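Contents: one structure, followed by commentary.
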Amino acid sequence: MADISLPQAKAGRRVSGLVLLMLGIAAFLAIFLLIPAGTVIYVAFTEKGTGAFTLVNFVDFFSNDLFKRSFANSLYVSAMSVVWASIFALPLAVITTRFEFRGSVLIQTLGFLPLIMPPFVGAVAMQLLFGRNGTVNLLLEQNFGIRLPFMEGLNGVIFVQSLHYFPFILINVSNSLRQIDSSMEEAAQNLGSSGFRLFRKIVFPLAMPGYLAGAALVFVKVFDDLATPLLLNVKDMLAPQAYLRVTSIGLTDPMGYVIASILIAVSIFAMWGSVAIMKGRDYSTVQRGGGGLARRKLNRGEAVLAYGVVGLVLLLVLSPHIGLLLLSFATIWSFSPMPDGYTLAHYGRVIGESSIYIRNTLVYASTAGLIDVVIGGGIAYLVLRTKLFGRQWLDWAASAALAVPGVVLGIGYLRTFYDVTLPDGTPLATLPIMVILALAIRRLPYALRAVFAAMQQISVSLEEAAENLGANKSRTVRRIVLPLMLGGLLAGFVTSFATAAVELSATLMLIQSTSEAPIAYGLYMFMQSPAGRGPGAALGVIAVILVAVCTFVSHIVIERSQKSLGMKK
């Protein structure tokens, strides 16, 4: 009797542990994502003072010319950023995946670089290069007597955002092109299709899922970006209006919540739209991942054209980095194509005065990354290894964070946690831990997908074999599952860390003093004045190097761990 009840008791304790894990993750998501976001929406639909349901706030929003113009501008900038990001990304994706092209790996790597620098930092460098009195316009006026409005008003925001976010399209389209069954292309060629017609009719439609996924991400990220428009002095967009309303009028102003609700609604609609377009269409291929499209050799003329296009695109997308590096060494750079002189003084000042920003960034981003890996790992295990009721909701709730803009989460935290105080009267919303939690929530979808993919590649039979040999569940997870998932866990941590290190929208709402601020906040404050742009650029260069080094080291660790486990030779 005892032999029978003992396994049942162990199974019961295991289920209880999994239920507790599920409840803990659900509570975390509810407290730090769903309730703050829900509070923002609730306040937008309630009457100030009485709390009664009302649509008056939205009527007031659409009756105000400034808000209507801000809404239209945000949609226009987001849509045009997708168009220009596509123009930058598609040639790189096609040339490096469809043709035998030297340096394709380097090009793909360089194409990823814009993502590890905050777009608002690039905006300052772009003004110096492409602004009214920037390098390009000074040379154009000197040689041709013309100036082009690259950085005027909304044009500047579109230019900066499309250069910053085009890697989302590049990565997704490149991956889709590699997965296309080569027999589809061969069949089309046998029927007489070739060249651009082949690409337009066969190749690009088959890569459409990847393109739409990247385009939706670009649209959402541009739509909720706060700092770039502010830094370019473009305030008639929705995210800047939400920030300005909350910081100038206060948390009791309903318009800030209405704008935040519209930001959420449009983000969800954009993500839903990218899925809805694909609904009912079959893009599956027989040889998925079995070979991809055949690479074709370029003749001399095509090679010259291809290298010219790739060189021009890379020069454009890396221009913010080039401008930032020049600015970080410049003594004075104004009304001249290049700096008047060079100095190391900006780096000396930043290292002497701003080391607190670097330390805070390492603490905040690494803690947020660890939280994401733990929560993401827990969700992946519950969804893929258990049949608990409601487990799929955890995945959906965590992924929903992608549709909640940073400025909305910041407003939600202030509204939800400001009245919750510690025994000494300090509001919970003003503590640095809230910045860490906001960063963790914002980056959780990225880490979750990486961890999810890693667990999907582990066969359940390995865990069953370990348990048949006498290992209990916790020992199996510790000795079998975690080592095999190490690459995915590190990938999730790196993704979360690298993007959290340059996050500003939520940080700008929650930081109370410079002693608690991360690099992104310090960059924004430096870039506010012309005198601070040199040190700001130096801090930006340090931030890029910091993220790049951490990413590179993590890649090495991943490679070595996979080799040690026999996953790579």
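The values are calculated or read from the model by the stated rules, or taken from the named source; none is laboratory data. Please read these numbers as outputs of a predicted model, since none were measured by experiment. Here the Cβ positions follow ideal geometry from the backbone for every residue, glycine too, while neighbour counts run over all protein chains shown. When the accessible area is computed, the model is the full protein with side chains, heavy atoms only, and any ligands, DNA or RNA have been set aside. Shrake-Rupley method; radii C 1.70, N 1.55, O 1.52, S 1.80 Å.
Scanning segment 109-127 for residues that are at pLDDT 85 or above and open to solvent by 40 Å² or more (accessible area, probe 1.4 Å) returns a single hit, 127. Here the condition is being of a type outside the set (D, E, K, R) and over 31 Å from the mean Cα position of the chain (by Cα); of 53, 45, 61, it holds for 53 alone. The residues on offer are 88, 150, 71, and the sole one that is within 18 Å of residue 221 (Cβ to Cβ) and open to solvent by 40 Å² or more (accessible area, probe 1.4 Å) is 71. Can you work out which of the residues in segment 32-46 that are in a helix (DSSP H, G or I) and of a type outside the set (A, V, I, L, M) is farthest from residue 405 (Cα to Cα)? Across segment 32-46, the extreme among qualifying residues is 42. In the set (1) open to solvent by less than 20 Å² (accessible area, probe 1.4 Å); (2) assigned to a helix (DSSP H, G or I), residue 458 fails one condition alone, (2).
For segment 298-314, the criterion of a residue being modelled with pLDDT of 80 or more, open to solvent by less than 20 Å² (accessible area, probe 1.4 Å), part of a helix (DSSP H, G or I) and in contact with an Asp or Glu (Cβ under 8 Å, 6 or more places away or on another chain) is satisfied by no position. When segment 47-63 is filtered for residues that are without any contact (Cβ under 8 Å) to a residue 24 or more places away in the chain and either in a loop (DSSP other than H, G, I, E, B) or open to solvent by less than 50 Å² (accessible area, probe 1.4 Å) (or both), the ones remaining, listed by number, are 47, 49, 50, 51, 52, 54, 55.
Checked against the criterion of being over 21 Å from residue 112 (Cβ atoms) and open to solvent by less than 20 Å² (accessible area, probe 1.4 Å), the candidates 198, 206 yield just one match: 198. Criterion applied to 103, 156 was being surrounded by fewer than 16 Cβ atoms within 10 Å (Cβ to Cβ) and either more than 22 Å from residue 211 (Cβ to Cβ) or of a type in the set (Ser, Thr, Tyr) (or both), and the one residue passing it is 103. Within segment 246-267, does at least one residue satisfy the condition of being part of a helix (DSSP H, G or I), of a type outside the set (Gly, Ala, Ser) and surrounded by fewer than 16 Cβ atoms within 10 Å (Cβ to Cβ)? Yes, segment 246-267 contains a residue that is part of a helix (DSSP H, G or I), of a type outside the set (Gly, Ala, Ser) and surrounded by fewer than 16 Cβ atoms within 10 Å (Cβ to Cβ). Of the residues that make up segment 272-285, is at least one open to solvent by 50 Å² or more (accessible area, probe 1.4 Å), more than 30 Å from residue 405 (Cβ to Cβ), at pLDDT below 80 and over 29 Å from the mean Cα position of the chain (by Cα)? No: segment 272-285 contains no residue that is open to solvent by 50 Å² or more (accessible area, probe 1.4 Å), more than 30 Å from residue 405 (Cβ to Cβ), at pLDDT below 80 and over 29 Å from the mean Cα position of the chain (by Cα). Between 369, 352, 378, 390, the distinction of being under 19 Å from the mean Cα position of the chain (by Cα) and among the small types (Gly, Ala, Ser) belongs to 369 only.
Matching residues to (1) free of Cβ contacts under 8 Å to residues at least 40 places away in the same chain; (2) assigned to a helix (DSSP H, G or I); (3) under 23 Å from residue 530 (Cβ atoms):
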{"site": "88", "(1), (2), (3)": "no, yes, no"}
{"site": "113", "(1), (2), (3)": "no, yes, no"}
{"site": "120", "(1), (2), (3)": "no, yes, yes"}
{"site": "124", "(1), (2), (3)": "no, yes, yes"}
{"site": "127", "(1), (2), (3)": "no, yes, yes"}
{"site": "133", "(1), (2), (3)": "no, no, yes"}
{"site": "138", "(1), (2), (3)": "no, yes, yes"}
{"site": "142", "(1), (2), (3)": "yes, yes, no"}
{"site": "146", "(1), (2), (3)": "yes, no, no"}
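Restricting segment 410-451 to residues that are assigned to a helix (DSSP H, G or I) and of a type in the set (Phe, Trp, Tyr) leaves a set whose member that is least open to solvent (accessible area, probe 1.4 Å) is 413. Contact map, segment 18-45: first residue polar (S, T, N, Q), second residue in a helix (DSSP H, G or I), Cβ cut-off under 7 Å, separation 6 or more or different chains; pairs are 39/412; 39/415; 39/416. Just the residues that are open to solvent by less than 10 Å² (accessible area, probe 1.4 Å), outside any loop (DSSP other than H, G, I, E, B) and closer than 16 Å to residue 82 by Cα, please, taken from segment 217-227. Listed by number, the residues that qualify are 218, 220, 222, 223. Screening residue 351 with (1) open to solvent by less than 60 Å² (accessible area, probe 1.4 Å); (2) assigned to a helix (DSSP H, G or I) gives one miss only, at (1). Listed by first and then second residue, the pairs with beta-carbon distance under 7 Å, at least 6 apart or on different chains, first residue in segment 316-334 and part of a loop (DSSP other than H, G, I, E, B), second among the β-branched types (Val, Ile, Thr) and open to solvent by less than 60 Å² (accessible area, probe 1.4 Å), are 331/343. If you go through segment 205-214 and keep only what is in a helix (DSSP H, G or I) and closer than 14 Å to residue 175 by Cβ, you end up with 206, 208, 209, 210, 211, 212, 213, 214.
For segment 328-337, the set of residues classified as more than 13 Å from residue 131 (Cα to Cα) and open to solvent by 60 Å² or more (accessible area, probe 1.4 Å) consists of 329, 331, 332, listed by residue number.
Table: residues versus (1) of a type in the set (A, V, I, L, M, F, W, C); (2) surrounded by fewer than 18 Cβ atoms within 10 Å (Cβ to Cβ); (3) in contact with a Ser or Thr (Cβ under 7 Å, 6 or more places away or on another chain); (4) in a helix (DSSP H, G or I).
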site	(1), (2), (3), (4)
506	yes, no, no, yes
512	no, yes, yes, no
520	yes, no, yes, yes
523	yes, no, no, yes
533	no, no, no, yes
536	no, no, no, yes
543	yes, no, no, yes
549	yes, yes, no, yes
